[in-house]
Amino acid sequence: MSKAEERLEASTKHVYGTWRAQKGWKPLFIKDAEGVYMYDENDKRYLDFSSQLACSNLGHKNKVVIEAIVKQAEKMPYIAPGFAQEATENAVEVLLTVMPAGLDKFFFSTSGTEANEAALKLLRQYMAPNYKVISRYHSYHGATAAGISFTGDPRRWYAERARCVLEGACFAPDAYCYRCPFGLDYPACNIQCAEYVDYMIKEEGNVAAVLIEPVVGTNGKMVPPPEYLPRLRKICDENGALLVADEVMSGWYRTGPSWAVQHWNVIPDILTTAKGCTAAYTPVGLTVTTGKVADYFEEETMCHGHTYSFHPLALSAIPAAVAEYKKLMATGLPHRVSKYLEKRLYELEDRHECIGDARGIGHFWALEIVKNRKTKERFDTKADKFRKVHMTDRIAAEALKLGLYVASWYDTLVIAPPLIITEEQVDEGMEKLGKALEIADQEVVHTDTPPVRSAEAFNKGEK
Ligand SMILES: Cc1ncc(COP(=O)(O)O)c(C=O)c1O
């Protein structure tokens, strides 16, 4: 056995790889990561164009965040959640400076899944006897029974087969303008995707909440039309349902402002987040509610908690990460580079026929890969997930060979680099991505169809 094979066996034999059949799992061994790069055991450098799982927003090895964690580890790495402690006080103090107005009561866990799990339990208690939650088909809300039940993507199908799902999930059509579920065009559509939620709530009955990713993450980086979120807020208010914003991926300056909901001046009743909360230096999940929801639990039991709720070591990264975000945003670099990234992605779209749609906002983009730009025929469908190697996997594998890490979903590539990336590093990524995309270009049906620019138009309010 070669040294590389030995290492691979040591890395995989006794552990489960996530979300996959175990056979054929050959993870790349990463020994170090710094800034926007990671390094394998032969010191080959890879540009991180997806911030790992859209979480390493400050890049790798940020000294300020690491120092804060080390300090807490030396002082008091753990204390049970029933005690008050400085790490919680400090985290709450800084979180209050970035939260949308009125969201000021926090529950701390250790993942986005748990953040949503807590939100679901709280809202179902608060809204009882109403218990249904409307989410959308293009969504991911977590891996455990609650989160996966309200997830629209194919990961739920497997949980359903394992009977690991809760009752009460309803799925609304997506604000997916590139493939409008109603076959309409914006703005003539009068945002039917939002109006239909009103119809659903009234027809379903017992609806407690609408749960959405304000800008869809894993499932396609869909930026809704400008009226969509404000209309959903109104529909929820008119029907007495809560609006829950899952900002696990879209939060923490990924789309520009600290929260994606801020693009549309919408304030949810509950906001969940994780990932960028500590820029992935420690695992934190955060569930935040309004005072109105919080008041209910003054007399009612808030029947939820974990051994690692309010974990001091995990929480210690929050004030440092927030300080680093504020410092970084004040330099203007993320804003400037996000515009550059947008321009370069549209240029890429112009050059590569396999890109059906380049859409996104800030440092949060998807390239939807198609076989035929005119008919929008896909290489791979939702039903293909977990069944075969997708065209997007092949592109990502080629990119990796070229020294670029870009995450892939069954129909899209995830372009979500750390917020510290520079224009030069964007250029480096684009050059490598362009070469990798040639794999798909060779298999497209040539149609001379120009690219769709829906996201750009929505962002500018032009379409
Ligand atoms: C929008 C959204 N919600 C929830 C989750 C679950 O978070 P975690 O993987 O930290 O449990 C994710 C993870 O990607 C996510 O993108």
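The values are calculated or read from the model by the stated rules, or taken from the named source; none is laboratory data. None of the values given here were measured: they were computed from a predicted structure. Heads up, the Cβs are rebuilt from the backbone with ideal geometry, glycines too, and the neighbour counts pull from every protein chain shown. In case anyone asks, the SASA skips ligands and DNA or RNA and just uses the protein heavy atoms, side chains included. Shrake-Rupley method; radii C 1.70, N 1.55, O 1.52, S 1.80 Å.
How about the stretch 248-265: which of its residues are open to solvent by 10 Å² or more (accessible area, probe 1.4 Å) and either away from the ligand (no atom under 12 Å from the Cβ) or of a type in the set (D, E, K, R) (or both)?
TYR253, GLY256, PRO257, SER258, GLN262, HIS263, TRP264, ASN265, listed by residue number.
Report the residue count in the stretch 251-295 for those that are basic (Lys, Arg), in a helix (DSSP H, G or I) and under 14 Å from ALA54 (Cα atoms).
1
Where residues in the stretch 266-305 are within 16 Å of the ligand (Cβ to nearest atom) and hydroxyl-bearing (Ser, Thr, Tyr), which of them is surrounded by the fewest Cβ atoms within 10 Å (Cβ to Cβ)?
So, considering only residues that are within 16 Å of the ligand (Cβ to nearest atom) and hydroxyl-bearing (Ser, Thr, Tyr), the one surrounded by the fewest Cβ atoms within 10 Å (Cβ to Cβ) is THR282.
Output the residues belonging to the stretch 1-57 that are in contact with a Gly (Cβ under 8 Å, 6 or more places away or on another chain), not polar (S, T, N, Q) and not in a strand (DSSP E or B).
TRP25, PRO27, VAL36, LYS44, PHE49, ALA54, CYS55
All but one of (1) assigned to a loop (DSSP other than H, G, I, E, B); (2) over 23 Å from ALA115 (Cβ atoms); (3) among the hydrophobic types (A, V, I, L, M, F, W, C) hold for VAL248; state the number of the condition that does not hold.
That leaves (2) as the condition not met.
Can you confirm whether ASN190 is more than 16 Å from the ligand (Cβ to nearest atom), open to solvent by 30 Å² or more (accessible area, probe 1.4 Å) and either among the basic types (Lys, Arg) or farther than 26 Å from GLN125 by Cβ (or both)?
yes
If you check ALA128 against the conditions, is it open to solvent by 10 Å² or more (accessible area, probe 1.4 Å) and touching a helix residue (DSSP H, G or I) at 6+ places or on another chain (Cβ under 6 Å)?
no
Could you tell me how many of the residues in the stretch 131-159 are open to solvent by less than 10 Å² (accessible area, probe 1.4 Å) and in a strand (DSSP E or B)?
Residues flagged as open to solvent by less than 10 Å² (accessible area, probe 1.4 Å) and in a strand (DSSP E or B) within the stretch 131-159 amount to 3.
Pairs please, first residue from the stretch 28-43 and under 18 Å from LYS3 (Cβ atoms) and among the hydroxyl-bearing types (Ser, Thr, Tyr), second anywhere and part of a loop (DSSP other than H, G, I, E, B) and at pLDDT 95 or above, Cβ atoms under 6 Å, 6+ apart in sequence or on different chains.
Matching pairs, first to second residue: none at all.
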